[in-house]
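J.: Before I ask anything, let me first share the structure, which is written out below as structure tokens.
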Amino acid sequence: MIVGRAFLVRLTPLLACIGLLAVWQAAAITLHNDSFPTAVEAIRAIPSILGDKDALINILASLRRMAIGFAVAVAVSIPLGLLMGRSRAVASFFNPLLMVIYPVPKAALMPIIMLWLGVGDLSKTLVIFLGVSLPVIYHSFAGAKAVEEKMLWSGAAMGLSAAQRLIRIVLPAALPEILTGCRTGLVLALITMITSEMIARQSGAGNILFNALDMGEYDTVFAMIIIVGAMGIGLDALFERIRARLVRWSEPQLDIPLSFS
Amino acid sequence: MKAARSDAEMAAAPAPKPATAMIEIDHVSQVFQTSARQDHLALSDISLTIEDGAFVSILGPSGCGKSTLLYIVGGFVRPTTGAARMKGKTITGPGPDRGPVFQEFALFPWKSVLGNVMYGPRQQGVKQADAEAQSRALLEMVGLKGFENFYPKELSGGMKQRVALARTLAYHPEVLLMDEPFGALDAHTRTRLQNDLLDIWERDRKTVVFVTHSVEEAVFLSDKVVMMTRSPGRIRQVIDIDLPRPRRRSELLLDPRYQKYVVDIERMFDDSGESEPRP
């Protein structure tokens, strides 16, 4: 019985997916609209997209931009956020700037960026960079600010310099919070990746999607939505694995701590 | 030659350690700015000498600035006026000669128990293998053999404080600065840790500055109790605790001299209208 229940729990997400597809299928058959293909039609279109060399190159180009934008954003944002968290001067300089940029949809900056930097990889990567940066900065900032003062004092007494304390105490202590920001950043990277390609049509997964929309190939449109969604789920799952490994020390494992005075 | 040498031997053998000043606190005052932007005098003109090898407790009601005084000695807080000196040198910042142990443990949660204890020696340039051997020995001394690979979150409060003590002892500070180290622990655990701390201290008699608000704890552990007044913190009285060592809790609690120290100190707090310090 217990084994059966555990099996059922693992099966639930799959059941949810099948359920969603079933509703989609039923709705598409009922509505019988050209712009709303059935689930089966959409899924059937997937192999032809993934089998097409051009489409694959496009998707890989998207992923490359996303990876570069994400990596550069993380590399810049974590140190900045940590510095902001530990230095009031740095925080009060950057905070107003970030507060202005935070609520602006980064894709809305795309036309201006295109004007300056052209419609190529640079513009799109920059938009992804902007989209990822803010949550990572914010969470690194919050994480660094919450680091216990006494922990830093303990390090100082051992002879760690201010710079060493930032890298060897603040960074690991804030890591769980930083990685939460990175996870949000990863999803935002995917979103800005697609929207940037929607605005600057040239290549990429978003380009395939919106070209298909223009040409009325609705099964391809929905197939692309499934592909992008699957990419999101896959990347998030991968990231979550890495995250769980890195911050194993902070996850609650035992409900009751070992009792021993 | 011969005579001089035997003189020296005679002088050295029976006499206790010569009383040399380890820490001097010289007219230290501390002013904090409150959130309402008003000046709050936390410590007022404190002067105190702590001798090499002495176990000194700083006792006072909460909010009397006793922890602040300890942080000044640690170099974590800069005094507004006055200075603290260690072996004659003015303290300008933290250093491995003064090892803190905090009530909050302040362990590095991403490091294992062993990793925490090895952190200081590694920072001091001790080789990996040597640091590990020393740290394992220290963990055994504080009663944590077998817990080397645990993470701090997997330990109880008492165990965490044992790790924190071992972590500080690992880099061989000359002075231990203990900031209400057992304040967050239950009574039973607290008693065990007091006993174990005394056992460990008996081995090398490091200088210890121990901040507490418990009269019993201060009398039980210390050679000297520095009583402080409520804010602004001033030294009210310094009391020498003349009780034999090594101290056994079971004997000491029955000792009328111990009881008298406790009662006298508690009465002094009562007489001054201070809220009664309780463990």
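J.: Can you sort A:W153, A:W116 by how many other beta carbons sit within 10 Å, fewest first? Walk me through the numbers before you get to the answer.
T.: On the way: A:W153 21, A:W116 9.
Lowest to highest Cβ neighbour count: A:W116, A:W153.
J.: Are there any helices in chain A, counted as whole DSSP H runs, that stretch 24 Å or more along their axis by Cα and score at least 0.0 on average by Kyte-Doolittle, and if so which? List each step's numbers first, then the result.
T.: Numbers: long enough: A:2-31 (42 Å, 1.72); A:53-86 (49 Å, 1.24); A:121-145 (35 Å, 0.99); A:171-199 (40 Å, 1.30); A:218-246 (42 Å, 1.09).
Qualifying helices, which must be both long enough and hydrophobic enough, are A:2-31, A:53-86, A:121-145, A:171-199, A:218-246.
J.: Test of understanding: in a Gaussian network model of chain A with alpha carbons linked when under 10 Å, which of A:A189, A:A107, A:A55 would top the mean-square fluctuation ranking?
T.: Comparing A:A189, A:A107, A:A55 in a Gaussian network model of chain A, the most mobile one is A:A55.
J.: Show me A:15-23, B:119-127, B:261-269 ranked by packing, highest mean number of other Cβ atoms within 10 Å first. Before the final figure, lay out the partial values.
T.: Numbers: A:15-23: 11.3, B:119-127: 18.0, B:261-269: 16.3.
Descending mean neighbour count gives B:119-127, B:261-269, A:15-23.
J.: With equal scatterers on the alpha carbons only and no solvent term, can you work out the Debye log10 of I(q)/I(0) for region B:171-269 at 0.10, 0.11 1/Å?
T.: -0.27, -0.33
J.: To continue, here is another question. Under the definition of partner shielding as Cβ atoms of other protein chains within 10 Å of a residue Cβ, what is the mean value for peptide B:147-155? Don't skip to the answer; put the middle values down first.
T.: Working: counts 2, 0, 0, 2, 5, 3, 7, 6, 4.
Mean shielding count: 3.
J.: Next question, about the same structure. Summarise the partner chain shielding of A:14-26 as one whole number: the mean count of Cβ atoms from other chains within 10 Å of each residue's Cβ.
T.: Working: counts 0, 0, 0, 0, 0, 0, 0, 0, 0, 0, 0, 0, 0.
Other-chain Cβ atoms within 10 Å of each residue's Cβ, averaged: 0.
J.: Related question: Going 7 Å from the Cα of A:V90 in the Cα-to-Cβ direction, what parts of region A:130-151 have a backbone nitrogen less than 12 Å from that spot?
T.: A:140-142, A:144-145
J.: I need A:L80, A:L31, A:L117 ordered by Cβ neighbour count within 10 Å, fewest first.
T.: Lowest to highest Cβ neighbour count: A:L31, A:L117, A:L80.
J.: Counting only DSSP beta bridges with both residues in chain B, tell me the antiparallel percent, nearest 5.
T.: Numbers: 21 of 41 bridges.
Looking only at bridges with both residues in chain B, the antiparallel portion is about 50 percent.
J.: Right, another one. Is there a simple number for the mean count of other chain Cβ atoms within 10 Å of the Cβ of residues in B:106-113, and what is it?
T.: Values: counts 8, 4, 8, 8, 11, 2, 1, 0.
That works out to 5 on average.
J.: Run through the DSSP bridge list for the protein assembly as shown and note the antiparallel percent, rounded to the nearest 5. Write down the numbers at each step before the final one.
T.: Numbers: 21 of 41 bridges.
Bridges in the protein assembly as shown are about 50 percent antiparallel.
J.: Rounded to the nearest 0.05, what FRET efficiency do A:L50 and A:Y102 have when you use their Cβ-Cβ distance and R0 = 30 Å?
T.: 0.25
J.: Select from A:V74, A:V147, A:V104 the residue whose mean-square fluctuation is largest in a Gaussian network model of chain A (Cα-Cα springs shorter than 10 Å).
T.: So, out of A:V74, A:V147, A:V104, the one fluctuating most is A:V104.
All of the numbers you see were taken from the coordinates with simple rules; none came from a lab. Predicted, not measured: the structure shown is a model, and the values here were computed from it. Cβ coordinates were reconstructed from backbone atoms using ideal geometry, including for glycine residues, and neighbour counts include every protein chain displayed.
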